[in-house]
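Report on the following structure.
Rule-based calculations on the coordinates, nothing more; no lab input. Given the structure is predicted, the values throughout are model-derived calculations rather than measurements. Here Cβ is always computed from backbone atoms with ideal geometry, including for glycine, and neighbour counts include all displayed protein chains.
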Amino acid sequence: MSGATDPRLLRKAPPRPLRLSWADERFRNIVWQVLVVGGVVGIIYWLWSNTTYNLEVRRIATGWDFLWREAGLPIGESLIEYDPSMSYFRALQVGVLNTLKVALIGIVLATILGTLLGIARLSKNWMLNKFAAAYVEIVRDLPLLLQLLFWYALLQGLPGPRQALNPIDGVFLSNRGLKLPFFVWESAHSWALLTAVAGVVATVLYRRWARAAQARDGQARAVWPAALAFIIGAPIAVWAAMGAPFTPDVPALRGFNFRGGIDVSPEFFALLLGLTLYTAGFIAEIVRAGIQAVNQGQWEAAEALGLPRGRVMSLIVLPQAMRVIIPPMTSQFLNITKNSSLAVAIGYQDIVSIANTTLNQTGQAIEGIAIIMLVYLTISLSISLFMNWYNKRIALVER
Amino acid sequence: MMPMRRSLATLVGVATTLFAAALPAQAQAPAAAPAAAPAASTLDAIRARGTLVCGVSTGLAGFALPDSQGNWRGFDVDYCRALAIAIFNDPTKVRFVPTTAQVRFTALQSGEVDILSRNTTWTLSRDTSLGFDFAGINFFDGQGFMVKRSLNVQNARQLDGATVCVQPGTTTEQNLADWARGARVNIRPVVIERLEDNVAAYNAGRCDAYTTDVSGLAAIRATQQNPNDHVILPDVISKEPLGPLYRHGDQRFGDLVRWLHFGLIGAEEFGITAANAQQMLASDPRPEVQRILGRTGELGRMLGVDNAWMLNVIRGVGNYGEIFERNLTPIGLQRGRNALWTTPGGLQYAPPFR
Ligand SMILES: N[C@@H](CCC(=O)N[C@@H](CS)C(=O)NCC(=O)O)C(=O)O
């Protein structure tokens, strides 16, 4: 709002005294609002008092003390150290991390796959085009739970550990999951990783500088040599300077199972696969719609300038399409997160699975459900906030 | 915009004050306010509804499993039928609600079911902080392991490093963790909610072993394509006293369920069966038999049901031994500890009927 508003618009109607009469609209509004708000407050109070009373009569435990009690529940996979002698709080943390793990990896993979499929849907190549169309239709029409059970059953159909498939040395695929060789993680590796993160930041800053410089002198500067040095070179130097430790940790069959290496469980893999493939179908349609929303004239104008097709896509069309794509994309990201709760069906221990077991064992259903709601609300709001910020950043700047 | 927002804030203030003023009046009579106070007896609610709602498992052969016509059959199911006969003199006046291990307690707490008759272990926390009472132990059990015969495992300790399938929300998963810790055995759990999916994972070889109550193992083994391919290991790692449970505080309903169980035991002890109950009522000279069958005394009435309750129950489902034989003997379970106390090793015992 600028100061140039017409002064006539600022003048208010003279305040009219409130009459305590049904004929007065303002009075009516106030009465209705008092009744509605009062009713809502009353219902909440009734629900609350009813619940506490009934919990009390049945001697059902309430409160949050249980969080610090020993959980005693076994968990198959965890990103942090866990054993059943730890608290319910710790077990729930494991659950939250498991949810975040599958949701974040799922979001990245579904976005990549979905974008490729969306572009393929517009391809002039008949095969590619029809394949993408068929994929989208099939995947979107089948219930996700069914797909998850399908992938899980498929993975269970793999041979047992003793007959595991061994495509490359040290890699084993069996009905116990995928075992990959790794190395013993030491502090030098942590430092190298940290350096790589700093390298990414440095690259972003360098790119910004290079752009500004190009705007000044018209000279294009390649970013990749700097990126290579910052993100790959520097971490290697740090690792080498710390003695270049490397002890391979190769999975080997011992007794019933493989030991050593890293482990992708069939439960996690089935869930990730199901969520990614399913959501990619929706994202493909969003990307296609976004690209088609960009005026054909933009293509023609860009081509008239002599830009190759690929660059037209990446420099002219996609940035504009993004504005159409981002808002519906946000809800797909939220969907992945929420759908990850179907994990219970195939035995991946996410927050819902662990909170459910917790509430079963402590009998504190209300607290358990509250925890689940809190976790999903926090994750969803974070995603929404981030996407809104990103959306604002790329929004059309009008002059 | 501003004045509008301010008026809304005032409104909320006014409304809260109004209701705050109304609070003390309500708080003084908390018992009157809640609509479904559990103090209102479950028995009355069942009578008013005209059916008993019984929580059973989702499908465990011998305990609770719908047959090809969709009729529920099994040991736990017969207890529900017996209760329906005691209350309504009609074995069909019962609705079965299948519950997974995970959701069963919420179903009972919330009043969705009147009673759980569903291989549930009596533990201290379930008896106290979960808000239940157990009516007795109708099956003495313990937790075991089942493995494929081809694995050639002889005892549970050899399971070090093995992957074990287990249902969440059970004593089973906690016992497994406890046992592994105590025995220093390294176990990888696979935790799947639905029994069917869990057993499928075991069959597919996702797990080396399946663990649950030995009775549950017997039920699962009996329904395998080839039961002989699976062995139940001799180790029993816990005590699992199973029995029906109801909401804490409803003593009247609890008394009925408890004495129904004792009645079934007593009937076996006195040799009253589905076939001879009517005849024993007419001719058996023992006074306790006459009291159980309701010809003399007021035992049924004391529990708030028809005096002929036990006569009807026994004619309908038989005594404890008959229920056991009909449902559990076919899946390969022996009486063992669940024999009458009059047999060596038997633990089933009923207090006097007077
Ligand atoms: N007795 C144990 C375990 C009871 C239990 O749920 N066992 C499983 C495995 S045998 C079962 O009956 N599942 C049937 C179902 O989920 O429907 C307990 O009370 O926690």
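Details
- Interatomic Cα distance distribution for chain A, bins of 10 angstrom, percent: 4, 13, 19, 23, 19, 12, 7, 2, 1
- Modelled this way, with points 7 Å down the Cα-to-C-beta line, the labels at B:Ser68 and B:Thr329 are 2.3 nm from one another.
- Rel. contact order, % - alpha carbon contacts under 8 angstrom, at least six apart, chain A: 21
- Sequentially through segment A:237-243, phi angles give Karplus couplings (6.51, -1.76, 1.60; θ = phi - 60°) of 4, 4, 4, 5, 5, 8, x Hz, Gly and Pro residues having no value and appearing as x.
- Of B:Lys148/B:Lys239; A:Lys179/B:Lys148; A:Lys124/A:Lys392; B:Lys93/B:Lys239; A:Lys179/B:Lys239, those spanning more than 31 Å from alpha-carbon to alpha-carbon: A:Lys124/A:Lys392; B:Lys93/B:Lys239; A:Lys179/B:Lys239
- Averaged over the residues of B:125-134, the number of partner chain Cβ atoms lying within 10 Å of the residue Cβ comes to 5.
- With a Förster radius of 45 Å applied to the C-beta separation of B:Arg149 and A:Ile138, the computed FRET efficiency comes to 0.65.
- Potential lengthening of the chain between A:Asn129 and A:Leu154 amounts to 6.2 nm, from the contour at 0.36 nm per residue minus the alpha-carbon distance.
- Kyte-Doolittle at least -0.5, axis length at least 15 Å by Cα - qualifying DSSP helices, chain B: B:2-27, B:75-88, B:251-269
- With both labels modelled 7 Å from their Cα along Cα-to-Cβ, the B:Gln224 to B:Thr128 distance reads 4.0 nm.
- The residues packed around A:Leu149, meaning those with a beta-carbon under 13 Å from its beta-carbon, carry a net charge of -3 if Lys and Arg are +1 and Asp and Glu are -1.
- Long-range amide H partners of B:Phe139 with built H, under 5 Å: B:Leu242
- Kirkwood hydrodynamic radius over Cα pairs of segment B:158-317, then Stokes diffusion coefficient at 25 °C and 0.890 mPa s, in µm²/s: 127
- Segment A:Ala215..A:Glu186, full-extension length gain: 6.0 nm, with 0.36 nm per residue of separation and the alpha-carbon distance subtracted.
- Packing-based exposure ordering (other Cβ within 10 Å, fewest first) of A:Lys101, A:Lys130, A:Lys124: A:Lys124, A:Lys130, A:Lys101
- For segment B:164-227, the pair-distance distribution built from all alpha carbon pairs, in bins 5 Å wide starting at 0, is 4, 17, 29, 27, 15, 7, 1 percent.
- The convex hull of the Cα atoms of the protein assembly as shown, projected and averaged over all directions, covers 48.4 nm².
- Under the Karplus curve 6.51 cos²θ - 1.76 cosθ + 1.60, θ = phi - 60°, whole-Hz ³J(HN,Hα) for segment A:189-198, x wherever Gly or Pro sits: 5, 4, 5, 4, 5, 4, 4, 4, 5, 4
- Loop-located chymotrypsin sites (Phe, Trp or Tyr not before Pro) in segment A:141-189 (DSSP state not H, G, I, E or B) with no more than 16 neighbouring Cβ atoms inside 10 Å: A:Trp185.
- Cα-based values for segment B:288-354, radius of gyration first and Dmax second, are 14.1, 40 Å.
- Relative frequency of Cα-Cα separations exceeding 25 Å in segment A:1-155, percent: 72
- Gained length - A:Ser78 relative to A:Leu116, 0.36 nm times residue gap less alpha-carbon distance: 10.5 nm
- The convex hull of the Cα atoms of chain B, projected and averaged over all directions, covers 25.7 nm².
- Across chain B, the longest piece that holds none of the GluC sites (Glu not before Pro) lying in DSSP loops with up to 16 other C-beta atoms within 10 Å covers B:113-297.
- Taking the helices alone, chain A has a mean residue ellipticity at 222 nm of -21000 deg cm²/dmol, built from -39,500 (n - 2.57) per DSSP H run of at least 4 residues and averaged over all its residues.
- Theoretical FRET efficiency, 1/(1+(r/R0)^6), r = Cβ-Cβ of A:Trp32 and A:Leu385, R0 25 Å, to 0.05: 0.15
- Couplings 3J(HN,Hα) for segment A:386-395, derived from phi with the Karplus relation 6.51 cos²θ - 1.76 cosθ + 1.60 (θ = phi - 60°), are 4, 5, 5, 4, 5, 4, 5, 4, 8, 4 Hz, where x marks Gly and Pro.
- Long-range amide H partners of B:His230 with built H, under 5 Å: B:Arg149
- Distance between the 7 Å Cα→Cβ label points at A:Asp24 and A:Ala252: 9.0 nm.
- Per-residue average of Cβ from other chains inside 10 Å of A:33-41: 5
- Under 5 Å from the amide H of A:Ser78 lies no amide H of any residue 5 or more positions distant or on a separate chain, with H modelled from the backbone and absent for Pro and chain starts.
- Positive-pole candidate from A:Ile325, A:Ala370, A:Val312, dipole of segment A:270-399, charges at beta carbon: A:Val312
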